[in-house]
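Single-structure report; data block below.
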Amino acid sequence: MRHVVLFHSVYGLRPAVRAAADRLRAAGHRVVTPDLYGVAAADTVEEGFALLDKIGQEVVLDRARAALRDLPAQTVLAGFSMGAGVAGALLAERPDSAGLLLLHGTGGAPASARPGLPVQLHVADPDPYDAPDEIDEWQRAMTDAGVDLTVFRYPGVGHLFTDPDIAEYAPDAASATWPRVLAFLAAR
């Protein structure tokens, strides 16, 4: 059993994030899904970016820190797209994290990744926000940092391919993702 914090995408705290958390809970994990916006989720990615701009990245990070405050140091940091970036940004402040689970985004620079840190990435191939060459470069940097990295690329799917409520949903890729995520968490 792991403690997991699961940060939402730029859309906000959508049903897909709650459903993912429920899936992880059903496997025995304790999962927190903080609302980093504090308002209703956006209906479009453009509205989501407008919300992020209005709320501000620092407020989002402060809310993420607050959500982590009472969680064990070994909590797995996880996120969807923008939430993967939040998880990656907070890694430096949470050096004892049990792992980094990145869904639909690389989570930023690996500067704070410690050797041996378990990291799992699930990403569309190609992805509109992380080009294949950028993912290759990120993967090399993570490997050079000595992390225990596993990358799953899903060809021909949209960015948020695990979200059944948007057009990008790819049921076969989503079905492949969740057993891999559960295996990752079970191994921690």
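The values are calculated or read from the model by the stated rules, or taken from the named source; none is laboratory data. Every value quoted in this text rests on a predicted model; they were computed, and no experiment measured them. Neighbour counts are summed over all protein chains in view; Cβ atoms, including those assigned to glycine, are modelled from backbone coordinates with ideal geometry.
Of all residue pairs spaced 6 or more apart or on separate chains, those with beta-carbon atoms under 7 Å, a first member in segment 116-140 that is in contact (Cβ under 8 Å) with a residue 12 or more places away in the chain and a second member that is among the polar types (S, T, N, Q) and assigned to a loop (DSSP other than H, G, I, E, B) are 121/106; 130/106; 135/106; 138/106. Output the residues belonging to segment 56-88 that are crowded, with 21+ Cβ neighbours inside 10 Å, over 13 Å from residue 4 (Cβ atoms) and of a type in the set (A, V, I, L, M, F, W, C). Residues satisfying the conditions are 60, 64, 82, 84, 86. A count restricted to segment 153-188 and to residues that are under 25 Å from residue 138 (Cα atoms), touching a Pro at 6+ places or on another chain (Cβ under 7 Å) and charged (D, E, K, R) stands at 1. Here segment 91-102 is the region considered, the condition is being modelled with pLDDT under 95 and aliphatic (A, V, I, L, M), and the residue that is farthest from residue 9 (Cα to Cα) is 92.
Counting only residues that are of a type in the set (A, V, I, L, M, F, W, C) and surrounded by fewer than 24 Cβ atoms within 10 Å (Cβ to Cβ), which one in segment 103-112 is modelled with the highest pLDDT? Result: 111. For the residues 77, 6, 61, the requirement of being within 25 Å of residue 139 (Cα to Cα), over 11 Å from the mean Cα position of the chain (by Cα) and touching a residue at least 24 places away in the same chain (Cβ under 8 Å) singles out 61. The residue of segment 145-188 that is surrounded by the most Cβ atoms within 10 Å (Cβ to Cβ), among those that are among the polar types (S, T, N, Q) and over 24 Å from residue 46 (Cβ atoms), is 177.
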